[in-house]
Amino acid sequence: MAKKEEVNLLCLPEMCIPGYGCEDMFLHSWVADKSLAILLDILPETKNISITLGLPVHFQSKIYNVVCLIENGNILGFQAKQNLPKDGIHYEPRWFDPWDTNRIEAIEINNTSYPFGDKTYIVNDKKIGFEICEDAWVADRPACRLVEEKVDIILNPSASHFAMMKSIDREQKVISASKEFTCTYVFANQLGNEAGRIIYDGDAVIAHKGELVASTPLFSFNAVELTWTDIDYSAEQINVKNVQANHGIKEEQFVAATSLGLYDYLRKSNSQGFVLSLSGGADSSTCLILLSEMIKRGVKALGITRFLESIGYEEKQDTLVSIEDINQQLITAAYQATDNSSVQTFDSAKSLAKSLNVRFHNWTINDEIKHAQEVIESIVERKLLWETDDVVLQNIQARSRSPIIWMLANLQNSLLITTSNRSEGGVGYATMDGDTSGSLAPIAGIGKPFIIHWLKWAEQNLAYPSLGKVNKLVPTAELRPINQSQSDEADLMPYDVLNQIEGLFVQKQLSPLAVQAEIAKTLPADKAALYVIKFFKLWSRNQWKRERFAPSFQLDDYNIDPRSWFRFPILSSGFKNELTELNKLIR
């Protein structure tokens, strides 16, 4: 593709050979050996073009995150990453060593010596320097030294994860760097859901001396996207532009990124579709809309034939001739009622499912609940009562739904979607092996306030009028008797407050006492203390649940997934001293 467009210099993303998400496989030496072998195999294809290829390299008994620069079939050298991110989802120091500034060594490959480390290169009479992803996000960045060497081009091969609206900041950094360092700055990012949790928006940006001159469309369903521009270094003005990126708004980025993440997860897991338990409430309805949007956007981007081929449905091209047909084939939703389920939630679930033309089933699980309850009552020799056994009686309902929906997903070789959100997951407001059951939790990385807001936005802006019924409902688990009027916020606290406490703790890293001080700016001190105490008690006792949640997408500024963002001890004192101090504020 690049050769067809007569590109002279091609920058590919960070770790483009093995993939950025190899995790502890980077510690297996054969992975680096295999990556190098692939690089050498690619060399004959690089005639008449200069190209960067990212890979791990074992050098002097250490592993480095490296970019190889190739010109016309010949290796010019290997550039090693100097700054390794270790916050949030990043664990690079676990696998790689950072390279020292200005250090240059030599590496021997097949009896030939190449420069290895931190240096500049001349390609097509232009001086080229590197910043590899995180290198550009630190204060003492390589570009501060490269400008002194009067480089013409800075290449930045990256694997910069998606977070809503991050692409705007990233683009501005590229434009600012090209101006500040008087150069052409080329940024190339990964695209899609590479390894399960992290989504890459495929952002590729070229800026020249403070002007954006080329960019790719974000969230493309294509395997690769190429953007390019011609730079005449003798001209005062750059006239050629190839700018395609449209960042959109937060609500649109959420659905675009999640659609792409679901698409890649489906095809890479070799699954045949999706199954979810559709309660009619906000969370499961959001998941269903996201599945529908994935199909709609995938078909729009690729066409029906290519879309079906990409997910392994080539043989059904004659019968699946519309988006509605594909929805019916790929998505199955089930409403699993109990005596505590309402007519309103059933109507909400059925209306939404039918409007999307997905397969919809409904059944009751009263017999399963009754059998389990009778067995336990015979063991403990007493009746289970709501007054004394509230949580037990709620949990058995959620757990009784799990075996049947799992059986349906297994039968269809489908991914079972877990509908948990971040707000409720953080405080354990979910039944383990019940509503947490599933293969993938697409919205577990986002808070409930945003979900509620997004559904209202989607009803109007994505043209889903059937969401009107969902948006009129008060969020409820519907696990207590209907006459008790159960609501999620009554069980927990207002979602906005919960979200604020969680963000102050996880993202801002404040202590419980400091969190209470922030919450008390808008609430009475004693009420703020009550909410904070409740949050930290629930948070501490439910880490074991978070350890078992299904994989989730990284979508926001932070996450609570202990395997990709925030690790917390399963057993702890539960902030005993801090909460004792907060109790003194309660009258």
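The values are calculated or read from the model by the stated rules, or taken from the named source; none is laboratory data. These numbers come from a predicted model, not from an experiment. Virtual Cβ from ideal backbone geometry, glycine too; neighbours counted across all protein chains shown. Calculation scope for accessible area: heavy atoms of the full protein, side chains included, ligands and nucleic acids excluded. Shrake-Rupley method; radii C 1.70, N 1.55, O 1.52, S 1.80 Å.
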message = Could you tell me the center-to-center distance, by alpha carbons, between segment 76-106 and segment 424-443 in angstrom?
response = 36
Partner lysines for Lys4 [C-alpha distance under 26 Å; skip if fewer than 8 residues away on the same chain] = Lys47, Lys126, Lys127, Lys241, Lys300
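How big is the charge dipole of segment 317-457 about its Cα centre, in debye rounded to the nearest 20, if each Lys and Arg gets +1 on its Cβ and each Asp and Glu gets -1 on its Cβ? Can you show the working numbers first?
On the way: 11 positive and 16 negative charges, 88 e Å.
Roughly 420 debye for segment 317-457.
What value, in deg cm²/dmol to 500, does the helix sum -39500 (n - 2.57) over DSSP H runs of n ≥ 4 give at 222 nm once divided by the residues of the chain? Could the numbers behind the result be given before it?
Working: 19 runs with 217 residues, N = 587.
Rounded to the nearest 500, the figure is -11500 deg cm²/dmol.
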remark   = If the chain between Asn72 and Glu381 were fully extended at 0.36 nm per residue, the gain over the current Cα-Cα distance would be 103.1 nm
note = With a 1.4 angstrom probe the carbon and sulfur portion of accessible area for the chain, in percent, totals 50
task = Among Val67, Tyr20, Leu43, pick out the residue whose Cα is farthest towards the positive end of the charge dipole of segment 1-78, where Lys and Arg carry +1 and Asp and Glu carry -1 on C-beta, about the Cα centre.
result = Leu43
query = With charges set only on the Cβ (+1 for Lys and Arg, -1 for Asp and Glu), what does the dipole of segment 317-360 come to about its Cα centre, in debye to the nearest 20?
reply = 80
Set of segment 7-32 residues, backbone N closer than 16 Å to the point 7 Å along the Cα-Cβ line of Leu40 = 30-32
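Looking at the chain, send over the antiparallel percent of its DSSP beta bridges, to the nearest 5.
Working: 37 of 67 bridges.
Within the chain, antiparallel bridges account for around 55 percent of the total.
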note = The answer for Leu415, listing residues at least 5 apart or on another chain whose modeled amide H is closer than 5 Å to its amide H, is Gln272, Gly273, Phe274, Val275
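Whole number in Å², please: accessible area per residue of segment 91-189, 1.4 Å probe, ligands, DNA and RNA not counted. Can you show the working numbers first?
Details: 4230 Å² over 99 residues.
Result: 43 Å² of accessible area for each residue.
How high is the relative contact order of the chain, given as a whole-number percent (alpha carbon pairs under 8 Å, six or more residues apart)? Mind dumping the intermediate values first?
Details: 1111 pairs, mean separation 57.6, N = 587.
About 10 percent, as a whole number.
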Segment 347-418 versus segment 269-325: alpha-carbon centroid distance in Å = 26
key: Partner lysines for Lys584 [C-alpha distance under 21 Å; skip if fewer than 8 residues away on the same chain]   = Lys521, Lys527, Lys534, Lys537, Lys576
query = Can you give the accessible area per residue of segment 457-501, in Å², using a 1.4 Å probe?
reply = 50
inquiry  = Once you keep just the Cα pairs under 8 angstrom separated by 6 or more residues, what percentage relative contact order results for segment 450-582?
reply    = 18
request  = Kindly report the accessible area of segment 240-394 per residue (heavy atoms of protein chains, probe 1.4 Å, no ligands, DNA or RNA), in Å².
outcome  = 45
task = Note down the nm distance, to one decimal, between modelled labels 7 Å out along Cα→Cβ at Asn362 and at Asp169.
result = 4.5
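At 0.36 nm per residue, and after removing the present C-alpha to C-alpha distance, how many nm does the segment from Ala106 to Glu547 gain when stretched out fully? All intermediate terms of the calculation are to be shown ahead of the outcome.
On the way: separation 441, 0.36 × 441 = 158.76 nm, distance 4.39 nm.
This chain segment gains 154.4 nm when fully extended.
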ask   = What are the GluC sites (Glu not before Pro) within segment 304-401 that DSSP puts in a loop, where the Cβ has at most 12 other Cβ atoms within 10 Å?
value = Glu381, Glu387
Lys34 accessible area, 1.4 Å probe, all protein chains in place, Å² to nearest 10 = 120
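Taking 8 Å as the Cα distance limit and 6 or more residues as the minimum spacing, I'd like the relative contact order of segment 439-511 as a percentage.
Numbers: 35 pairs, mean separation 16.7, N = 73.
That works out to 23 percent.
Hey, got the dipole for the chain? About the Cα centre, +1 on K and R Cβ, -1 on D and E Cβ, debye to the nearest 20? Kindly include the intermediate steps, with their values, before the conclusion.
Numbers: 58 positive and 74 negative charges, 191 e Å.
Value, rounded to 20: 920 debye.
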note = Residues whose modelled amide H sits under 5 Å from the amide H of Phe96, counting only those 5 or more places away in sequence or on another chain, are none
remark   = Dipole check, the chain, charges on Cβ (K,R +1; D,E -1), about Cα centroid: among Asn8, Leu276, Ala514 the Cα furthest to the positive pole belongs to Ala514
Projected label distance in nm at Arg94 and Asp433, using a 7 Å step from Cα toward the beta-carbon = 2.7
key: Val224-Ser61 pseudo-label distance in nm [points 7 Å out on the Cα-to-Cβ vector]   = 3.9
remark   = Of the candidate values (1) 1.07; (2) 1.19; (3) 0.97, the one computed for Cα Rg over 2.2 N^0.38 Å from this structure is (1)
key: Anisotropy class of segment 340-482 from Cα gyration tensor, a/c 1.5 cut   = prolate
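Does segment 1-46 come out rounded, prolate or oblate, given a ≥ b ≥ c as the square roots of the eigenvalues of its C-alpha gyration tensor, rounded meaning a/c under 1.5 and, failing that, prolate meaning a/b above b/c? Write down the numbers at each step before the final one.
Working: a/c = 4.39, a/b = 1.99, b/c = 2.21.
Oblate shape, in that a/c is at least 1.5 and b/c is the bigger or equal ratio.
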key: Dipole axis of the chain (+1 Lys, Arg; -1 Asp, Glu on Cβ), positive-most option in Val147, Ser573, Leu260   = Ser573
task = Label segment 59-139 by shape, choosing from rounded, prolate and oblate, from the square roots a ≥ b ≥ c of the eigenvalues of the Cα gyration tensor; if a/c is under 1.5 it is rounded, and otherwise prolate applies when a/b is larger than b/c, oblate when it is not.
result = oblate
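Among the trypsin sites (Lys or Arg not before Pro) within segment 379-456, which fall in a DSSP loop and have no more than 12 other Cβ atoms within 10 Å of their own Cβ?
Values: sites: Arg382, Lys383, Arg399, Arg401, Arg422, Lys456; in loops: Arg382, Lys383.
For trypsin sites (Lys or Arg not before Pro) across segment 379-456 that sit outside H, G, I, E and B with at most 12 neighbouring Cβ atoms in 10 Å, the list reads Arg382, Lys383.
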